[in-house]
Amino acid sequence: MNINGEIKAGMIAIILKCLWILLQIIIGYNLFFPVFLFVLYIVTKKSGSPAKANIEYDYAIILTAYEQTDTIPAAVASILQLNYSNYIIYVVADKCDVSGLRFEDKRVVVLRPPETLAGNTRSHFYAIHNFERDHELLIIIDSDNLVDPECLNELNRYFYKGYAAVQGLRKAKNLDTMYACLDAARDMYYHFYDGEVLFAVGSSATLAGSGMAFKTSLYRECLEHRDITGAGFDKVLQYEIVSRGYRIAFTEHAQVYDEKTTGADQLVKQRARWINTWFRYFKFGFSLIAGGVFKMDWNRFLFGVILLRPPLFIFLILSVMFTVANIWISITAMIVWLSGFACFIVGFAIALLHAKPDKVIYRSLWGIPKFIFFQVLSLLKIRKANKISVATRHSYTRSVNDINSKE
């Protein structure tokens, strides 16, 4: 080989090595990042919630259902137990038989769209366009959710302080199977780091799909001009809010109880839709990071970094692959990867300890490999994710009093 050929081969080798290192950094930082955020959280955390609001804002409580109405009565009953008076519940029963939905309370309005909407935001705007009065705020609730009696009072603390968007805490309504427990453990991890910690360090909480409230004007400004199909409207909404310079507040005291997945088939279908939304919308992260740099906006920048992060099981699997590969490539790199796993386990443990979960969740952790396996199956179905089902079907019914009595 001549000198030019040797130089060219050397350059290619250097480029490939740099790409290999860069790829490892892109994936590997996710193992260390939670603990980094936690340290920042400890340093910057302010104690206590904002002062109690001395006003009852007018809420539209939008409760959406698709095809299934079984859980609606329990959801509505929990809302009617709110220690609050200034609200109207709008039940949007899309493609549902509403003959069995009868509510004596005049604050409950049942809406049955004449045509199938098959979309969250379509249902939300169907409710908005049928408001009985101009509500200043709206909160989005799923038909399988139960609402804590103090939910709106706790949200009001943040609206009174000037925030235009607030995400509450979604807690598990059921822990009856291993899958439900692991789903709940995953939520505890994300609610802590992507909710409480992110907000505390000066960025925004990610939206969770329900248990989230907004100024009605902001919600309309962000989404009324967009027709979002499939899952993931919350991903678009949070991008629209943060890109406008708003921060999404988080409060663990505004609680809704959410039904967790109970079986493998349900898990695969649900996760297929969720993974599909990440691949569709992670690109928003680049825009927010760029905006954060040019505008010197920490909120935009950090939130953009979070949006680029792959789903938990994807970066864990990739991390295992890189660790194994480095057994033959670089022992030093392998040690760094093992350190990353140790760091991630510590971060996950911190999130669980903070949430103070039921002991049954700790006992379910042995099933994590099986849980990840079914999410890999979900990954294989993402191309048809939105055709599998528009919404997760639920059958678990329980009242707020049942949950509170157990706690």
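The values are calculated or read from the model by the stated rules, or taken from the named source; none is laboratory data. Treat the numbers as computed from the prediction; the structure is a model and nothing was measured. Don't worry about glycine lacking a Cβ; one is built from the backbone with ideal geometry, like all the others, and counts go over all protein chains shown. Surface accessibility is based on the protein's heavy atoms, side chains included, excluding ligands, DNA and RNA. Shrake-Rupley method; radii C 1.70, N 1.55, O 1.52, S 1.80 Å.
Below, the figures for the structure above:
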read-out: Using a Förster distance of 60 Å, the FRET efficiency for S339-E67 (Cβ separation, nearest 0.05); value: 0.80
read-out: Helix runs (DSSP H) in the chain reaching 24 Å along axis by Cα, Kyte-Doolittle at least 1.0; value: 3-44, 312-329, 331-355
read-out: Heavy-atom accessible area per residue - the chain, 1.4 Å, Å²; value: 47
read-out: Where labels lie 7 Å past Cα in the beta-carbon direction, separation of L308 and L19 in nm; value: 1.8
read-out: Three semi-axes of the equivalent ellipsoid, the stretch 14-113, Cα gyration tensor, whole Å, largest first; value: 47, 25, 10
read-out: Magnitude of the charge dipole, the chain, Cβ model with Lys/Arg +1 and Asp/Glu -1, debye to 20; value: 1120
read-out: Simple label model, 7 Å out from Cα along Cβ direction - K95 to V324, nm; value: 4.0
read-out: Residue among A74, L146, T262 farthest towards the positive dipole end of the chain, charges placed on Cβ; value: T262
read-out: The chain - percent of accessible surface contributed by carbon and sulfur, probe 1.4 Å; value: 60
read-out: For K171, distant residues with modelled amide H under 5 Å away; value: V256, Y257, D258
read-out: The stretch 282-323-the stretch 132-158 distance, computed between alpha-carbon centres (Å); value: 30
read-out: Computed lengthening from I55 to R112, 0.36 nm per intervening residue step minus Cα-Cα distance; value: 17.3 nm
read-out: Dipole of the chain, positive direction: furthest Cα of L37, P50, Y87, with charges on the beta-carbon; value: L37
read-out: Convex hull of the stretch 64-219 built on C-alpha atoms - directionally averaged projected area, nm²; value: 10.0
read-out: Label-reachable residues, the stretch 108-151, where backbone N falls under 14 Å from a point 7 Å from S217's Cα toward its Cβ; value: 134-138
read-out: Share of Cα-Cα pairs in the stretch 159-310 lying beyond 24 Å, as whole percent; value: 33
read-out: Distance between modelled label sites at K283 and D265, nm, 7 Å Cα→Cβ extension; value: 3.5
read-out: Percent of beta bridges antiparallel (DSSP, the chain, rounded to nearest 5); value: 25
read-out: Cα-based equivalent ellipsoid, the stretch 246-376: semi-axes from gyration tensor eigenvalues, Å; value: 26, 25, 17
read-out: Contact order relative to length of the chain, as percent, for alpha carbon pairs under 8 angstrom and 6 or more apart; value: 21
read-out: Over the stretch 147-235: Kirkwood hydrodynamic radius from C-alpha pairwise inverse distances, Å; value: 14.7
read-out: Percent of Cα pairs exceeding the 20 Å cut-off, where the set is the stretch 205-284; value: 41
read-out: Quotient of C-alpha Rg and 2.2 N^0.38 Å, computed over the chain; value: 1.05
read-out: Relative packing of 69-77, 91-99, 318-326, which averages over residues the other C-beta atoms within 10 Å, highest first; value: 69-77, 91-99, 318-326
read-out: Reachable lysines from K235, criterion Cα separation under 25 angstrom, eight or more residues apart if same chain; value: K95, K161, K171, K173, K215, K260, K269, K283, K295, K381, K384, K387
read-out: Gyration tensor (Cα) of the stretch 236-319, equivalent ellipsoid semi-axes in angstrom; value: 27, 18, 11
